[in-house]
1. Taking a 18 Å limit on the Cα-Cα distance, which of the listed pairs A:172/A:253; A:60/A:351; A:151/A:177; A:151/A:259; A:253/A:351 fall beyond it?
2. May I ask for the equivalent-ellipsoid semi-axes of region A:277-341, computed as the square root of five times each C-alpha gyration tensor eigenvalue and listed largest first in whole Å?
3. Diagonalise the Cα gyration tensor of the protein assembly as shown and give the resulting equivalent ellipsoid semi-axes, square root of 5 times each eigenvalue, largest first, whole Å.
4. Percent relative contact order of region B:87-319, based on C-alpha pairs within less than 8 angstrom and at least six residues apart?
5. Out of B:39, B:139, B:106, any idea which swings most in a Gaussian network model of chain B, alpha carbons joined below 10 Å?
6. Over all directions, the average projected area of the alpha-carbon convex hull for chain B comes to how many nm²?
7. Given H placed 1.01 Å from N in the peptide plane, which residues other than close sequence neighbours of residue A:131 have an amide H under 5 Å from its amide H?
8. So for A:196, A:176, A:171, fewest C-beta neighbours within 10 Å to most, what's the order?
Amino acid sequence: MKRHLLVVAGLTASATVLALGGCSSSGTGGDDAVTITYSNFISNDGNEENLQTIVDGFEKANPGITVDVKTLPYADYGTALQTDLAAGTAADVFDIEYANYAQYQANGVLAPLTVADPAAYRPTLLEAYQTDGTQYALPSSFSDVVLYYNKDLFDAAGLSYPTSDWTWADEKAAAEKLTDQAAGIWGDHQPVSFYEYYKTLAQNGGSFLDDSGTKTAFNTPEGIEAAKWLTEKSGTVMPTIEQGQGTPDFDTKLFTDGKLAMLHTGIWVFSSMADVPFGWDIAVEPGNTDKASAVFSNAVAVSASSKHQDAAAKWAEYLTSSDVMVQTRLDAGWELPPISDEAQLDTYLGKGDPANRQAVFDSLDGIALPPVVATGQQEMQDIMTEELVEAQSGRKSVEDALSSAQERIDAVIGG
Amino acid sequence: MTAVPATAIAAEETDAPRRPVPPRPVTGRGPGRRSRLRYALVVLAFLLPSAIPMLLFVLGPMVAAAGISFTDWNLLAPAKWIGLDNYASLLTDPRTGDVFLHTLYYIVGYLPLVYVGGLALALALNSALKGRTLLRGVYFLPVVTSWIVVALVWRWLLNPSNGVVNTVLGFFGIAGPGWWTDPNWAMPSIILASAWKDLGFVMVILLAGLQTINPDMYDAAKVDGAGWWRRLFSVTLPLLSPSTFFVLIISLINGFQVFDQVYAMTGGGPAGASQVVVQQIYDLTFRYGRAGEASALSWMLFIVILAVTVVQIRGQRRWVNYG
């Protein structure tokens with residue numbers, strides 16, 4: 001009995017030691033050698049090696065600094081970042097999006113930055129990440145959404161290709177002629193979501209928020225028409241949710257399989273189209289009363305709690321403005337570098353398919369930026385998508401869905 | 001069903017004594033008191049390995065959540081004390097009622113299905129069936145499989161356009177429903193997958209219970225002229241009631257906390273149709289950065305579970321037969 005008791009006591013003691021041992025942190029050595037961590041989503045799904053090229057360039061130019069990269073899928077990134085920030089385990093440098101910048105900045109988790117060479121950046125992009133004259137993040141890229149089309153399907157239907165003069169009516173007429181449900185060919189695909197909605201709203205002369213920025217302004221005749229433009233594609237010229245519409249990568253796969261004639265998506269999927277066995281190109285997205293293309297900008301920020309602020313800031317600037325980055329991005333067709341040097345961007349135009357790369361720049365003539373609110377950004381986006389999908393599925397009329405969305409979003413962003 | 005302590009199953013399986021054997025009653029002083037102290041120390045030593053993690057990872061966070069529930073905290077900026085505001089806004093928000101109703105819907109659909117299914121399996125595998133040991137193992141396999149894997153398989157099985165279930169239904173001329181893409185079918189899809197996964201757990205508990213029933217009882221009932229159904233309702237079920245009670249308690253607690261399958265199969269959709277309490281707690285915290293409100297909701301859930309469990313334990317005297 002005595003012996004048993006000792007064994008038990010011993011086991012308990014070692015368990016306690018183990019439990020306590022887990023709390024102590026292991027020290028990292030090295031005096032001038034610094035390892036900084038970088039958490040990103042921008043390289044996920046195809047650009048991991050391109051990011052590594054930039055990391056290699058940085059480490060060569062800055063001996064003593066090592067960059068430890070962690071890549072997450074876009075869908076999980078926001079949750080992971082928020083959790084890491086709350087737990088104090090955020091990376092030294094991390095990706096953010098334009099839409100979330102304001103919220104993070106207001107909560108004091110972004111370190112102020114001193115930019116060594118501000119002239120290298122496109123001024124509008126750089127200014128988007130300034131608050132009260134202080135830089136809190138650096139733009140890492142920008143991209144826009146264009147209309148992809150399958151030339152072979154257009155040829156087979158005897159239709160002329162989309163141009164930058166197209167309107168919704170032109171797109172609709174072509175989509176209807178191109179759709180052949182019996183053969184599994186669909187004319188058009190546009191996600192039914194918040195991201196498409198604020199843009200189609202702008203294409204129809206509407207606006208998502210009013211001037212105060214704390215109330216919605218989309219429940220108008222223009223807003224209803226824009227919502228119908230999205231939801232009524234489903235089941236007519238676009239697959240329904242039951243057929244898989246809305247699941248990840250469904251639309252790109254349908255397009256690369258040659259079963260989709262037109263696709264609304266970002267220029268970030270150029271590389272997915274590299275080996276398709278049919279001709280394809282892009283055009284500026286059709287508008288209705290106005291031209292408006294979605295422009296997205298990603299950025300990197302240095303964590304306010306980073307212990308290596310200087311090294312982290314160096315990496316942030318290298319990642320967003322170095323020549324290695326510019327060349328890598330242009331060669332790979334991986335979104336666009338946020339640089340001011342137009343001459344460098346010109347080389348992008350001749351990099352192969354799609355032939356009409358000019359459309360990427362022409363899209364910038366009329367742009368729609370995501371509506372940004374001080375609190376409840378994610379909730380606002382989720383509610384909008386949810387209500388639009390209700391209308392798409394026919395469970396609510398478009399009018400009811402928008403009224404409901406208005407009421408719910410106003411309650412969240414009203415402050 | 002991950003929260004079930006292994007010891008509970010083991011105890012049922014080996015039919016070990018249900019109540020701890022108390023030390024021999026000791027009177028007087030000296031050796032008696034010392035041995036009682038020693039007994040207490042032994043008990044304490046055995047409890048410590050599970051008590052320490054329990055304190056650190058269960059009780060600690062619970063107390064912290066209680067504190068957080070009185071604050072406005074977005075995970076990033078420092079928390080602000082707001083008293084009972086979170087509880088007040090939850091009680092006036094119609095979504096709170098919705099998520100509790102959806103959770104109740106899940107429990108009401110899931111519990112009878114998994115109990116009757118588990119009982120049927122246990123009865124079948126308690127008879128002298130060839131290969132029953134293998135079958136018991138096979139039915140238990142889903143219980144120890146990760147929910148993420150199971151959920152992905154079920155999503156695929158229940159795919160409205162090319163899933164196995166609707167394809168097979170199609171052979172019989174039945175147009176299958178939209179399953180997890182249809183708000184009316186999302187919860188039934190989750191219930192179906194959950195009952196399938198937990199069937200083996202209920203089966204094992206009930207099987208252990210069945211094996212403690214004295215075969216003489218059945219012989220006596222037969223002599224009295226009781227048929228199969230009569231024996232089931234008059235002998236098996238009453239004598240199985242302690243195991244049934246255990247299954248009910250565990251399943252109800254786990255039912256209120258249903259999350260993994262919802263997160264992986266529907267994410268609470270479509271249009272919030274399968275949004276349950278814990279999914280709402282998750283979304284509030286990690287999607288919307290409203291940790292205070294989420295903590296308040298956690299505590300509301302805790303109180304509901306506690307109340308239901310207390311009522312169950314009080315009520316057991318009426319129907320649980322410990323023989």
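No lab work stands behind these numbers, since they all come straight from the coordinates. Fair warning: this is a prediction, and the values are worked out from it, not measured in the lab. Using ideal geometry, Cβ is built from the backbone for each residue, glycine included, and neighbour counts are taken over all protein chains shown.
1. Working: A:172/A:253 22 Å; A:60/A:351 27 Å; A:151/A:177 14 Å; A:151/A:259 12 Å; A:253/A:351 23 Å.
Beyond 18 Å between Cα atoms: A:172/A:253; A:60/A:351; A:253/A:351.
2. Values: eigenvalues 218, 61, 21 Å².
Computed over region A:277-341, the values are 33, 18, 10 Å.
3. Details: eigenvalues 593, 254, 117 Å².
Gyration-tensor ellipsoid for the protein assembly as shown: 54, 36, 24 Å.
4. Details: 241 pairs, mean separation 64.1, N = 233.
Relative contact order for region B:87-319 comes out at 28 percent.
5. Largest GNM mean-square fluctuation: B:39.
6. Working: hull surface 96.1 nm².
For chain B, the mean projected area of the Cα convex hull comes to 24.0 nm².
7. A:136
8. On the way: A:196 20, A:176 12, A:171 26.
Taking fewest neighbouring Cβ atoms as first place, the list is A:176, A:196, A:171.
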